[in-house]
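Notes for the one structure printed next.
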Amino acid sequence: MASAGQFPATIYFNDCTGVKVGKRLFATAAHCVFESKTKKNKFKIGSMLTIGFGINNQDKKDASFKTKVKAIHVHPTYLEMNDRRDRALASDIAIFEVEALTEVISIAKFNFKKPSVYQEVMIGGYGLKGPDSWEFSNFSGSVLIEGTDLLFLGFSKHEIDNVSPNIIEFRGPGVSMLGVGPEPLLDRGDSGGAVYDGADKRNLTIIGINSTSSSTRMNCRSTRIDDESSNHVGEWIRSVLK
């Protein structure tokens with residue numbers, strides 16, 4: 001499990017992970033906020049959203065807050081996606097804005113440099129859930145989010161296996177950070193979590209947004225955010241952050 005303060009920009013909402021990228025802005029996977037089949041947002045502008053954060057925090061008031069959603073920005077290629085065959089061509093990334101301003105959650109910076117094969121990366125996400133999961137017996141600590149079950153902020157260390165025009169792929173389950181076996185498989189709650197450049201652990205920068213994983217512990221995929229991605233995601237991010 002992640003240690004306290006290891007990923008201070010990471011948040012949880014609606015069974016997904018996100019990362020704070022501006023005073024009121026959070027990046028996540030597009031499929032966490034937009035339903036491609038119905039072409040509708042999963043929550044409305046003006047609706048209340050509960051955002052959870054932190055680790056090893058037993059105080060609900062400090063572990064979450066409620067705020068209104070001001071805006072939802074979904075990458076155009078994901079908005080235009082018609083079926084699963086288009087998924088590999090779309091960029092699964094979105095940025096949403098909220099009304100509340102909280103300085104407790106740190107802001108993470110984007111790294112728009114093109115990722116490379118064998119590059120070390122780290123992924124933080126709230127995919128660890130419940131005492132029935134095997135991860136619960138191996139890791140301690142919890143985050144309490146009002147109206148949900150116990151959640152756990154975990155992380156995996158990986159090497160990039162492949163870099164396609166829009167996607168970063170990771171090899172296997174990752175290397176254990178604790179030396180006690182493989183890291184937990186990325187689960188659905190990890191969707192939207194930031195993929196960090198693992199070279200500088202004191203100054204983590206975002207090089208991707210986690211999108212999908214498989215039950216075989218292979219083919220974990222994340223959306224590229226660099227300037228050389230074919231969907232010009234870096235340019236789109238800058239336009240939203242302005």
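The values are calculated or read from the model by the stated rules, or taken from the named source; none is laboratory data. Just so it is clear, the structure is predicted and the values come from calculations on it, not from any experiment. Here Cβ is always computed from backbone atoms with ideal geometry, including for glycine, and neighbour counts include all displayed protein chains.
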Within the stretch 26-56, restricting to residues that are in a strand (DSSP E or B) and among the hydroxyl-bearing types (S, T, Y), the one that is modelled with the highest pLDDT is T28
What pairs come out if I take residues in the stretch 177-204 that are more than 17 Å from D161 (Cα to Cα) and pair them with residues that are part of a helix (DSSP H, G or I) and at pLDDT below 70 whose C-beta lies under 7 Å away, six or more apart or interchain? V180/N138; P184/E135
What residue, of I107, I95, is of a type outside the set (S, T, N, Q), part of a loop (DSSP other than H, G, I, E, B) and modelled with pLDDT of 90 or more? I107
Please go through the stretch 57-92 and give me each residue that is at pLDDT 80 or above, charged (D, E, K, R) and assigned to a loop (DSSP other than H, G, I, E, B), ordered by number. E80, D92
Within the stretch 124-134, can one find any residue that is hydroxyl-bearing (S, T, Y) and at pLDDT 85 or above? no
Those residues of the stretch 96-121 which are under 24 Å from H73 (Cα atoms) and either in contact with a Cys (Cβ under 8 Å, 6 or more places away or on another chain) or of a type in the set (D, E, K, R) (or both), in sequence order: E97, E99, E103, K109, K113, K114
